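Here the structure comes first, spelled out in structure tokens, and everything after it is commentary.
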Amino acid sequence: MGRRAIFITDMIHDFVHPEGALYIGPTVHPIVPRIKALAGEVRDEGGLVVYLCDAHQPEDREFERFPPHAVQGTPGARIVDELAPRPGDVVIAKTRYSAFFNTALDEILSREEVDEVVFTGVCTSICVMETLGDWANRDGRAVVYGDAVADFDAAAHEFALKRMETLFGADVR
């Protein structure tokens, strides 16, 4: 049996704070203490806490679809203070929806013998779901707490939870 990890996805200023470039909206605020509690549980059991953070270049092609956000080195790309990483946590800078694309995430999870991941953060229907799909394609077990993820769009959030459960076999709670 392997280790459990928690992915804390895009809990950065540009998504979480009202003045952020891509503020999720008021549904993001209740998930912050829930994520903090879940991360504490994973740490207490000796699991791995992994922050997956958008970190774009100023000319990123994603900005053709979304307003500029999470530009590397800007305040908007910083993890919110309430969820600040601790020693031993892993922070992965990502440039695409899936945190597995062109990052060391796969190697880290293999090295740490992770076989189950708790998925949290934003956006349920974009980065959370795309990363979960890539994890499922690696035959990893996935758990998603509905009260630890948020989205811009309530319907997209519900669709994503259902898709993660039915298509990818996630344990959605």
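Bear in mind these aren't lab numbers, they're just calculated from the coordinates by the rules spelled out. It should be emphasised that the depicted structure is a prediction, and the values quoted were computed from it without experimental measurement. Glycine gets a Cβ as well: all are built from the backbone with ideal geometry, and neighbour counts include every protein chain shown.
For the chain, adding -39500 (n - 2.57) for each run of n ≥ 4 DSSP H residues and dividing by the number of residues yields -7500 deg cm²/dmol at 222 nm.
Only bridges whose two residues both fall in the chain count here: according to DSSP, what percent of them are antiparallel, nearest 5? Walk me through the numbers before you get to the answer.
On the way: 1 of 27 bridges.
That works out to approximately 5 percent antiparallel.
Each of Ser110, Ser125 was scored by other Cβ atoms within 10 Å of its Cβ. Arranged with the fewest first, they read Ser110, Ser125.
With the simple spin-label model, which puts each label point 7 Å out from Cα in the Cβ direction, the Ala37 to Ala93 separation comes to 3.4 nm. Which is farthest toward the positive dipole end of the chain among Thr95, His56, Gly146, measuring Cα position about the Cα centre, with Cβ charges +1 (Lys, Arg) and -1 (Asp, Glu)? Value: Gly146. Any idea what the dipole of segment 80-173 comes to, in debye rounded to 20, about its Cα centre with Lys/Arg Cβ at +1 and Asp/Glu Cβ at -1? About 180 debye. Read through the labelled values (i) 0.93; (ii) 1.37; (iii) 1.04 and report the label of the one computed as Rg/Rh (Cα atoms, Kirkwood Rh) from the structure. From the options (i) 0.93; (ii) 1.37; (iii) 1.04, the structure gives (i).
Relative contact order for segment 73-137: what percent, with Cα pairs under 8 Å and sequence separation of 6 or more? Computed value for segment 73-137: 29 percent relative contact order. Relative to the longest principal axis of the Cα atoms of the chain, the long axis of helix 31-44 makes an angle of roughly 30 degrees.
The mean sequence separation of alpha-carbon pairs under 8 Å and at least six residues apart, normalised by the residue count of the chain, gives a relative contact order of 27 percent.
Calculated FRET efficiency, Thr103 to Ala154, Cβ-Cβ distance, R0 = 30 Å: about 0.50 to the nearest 0.05.
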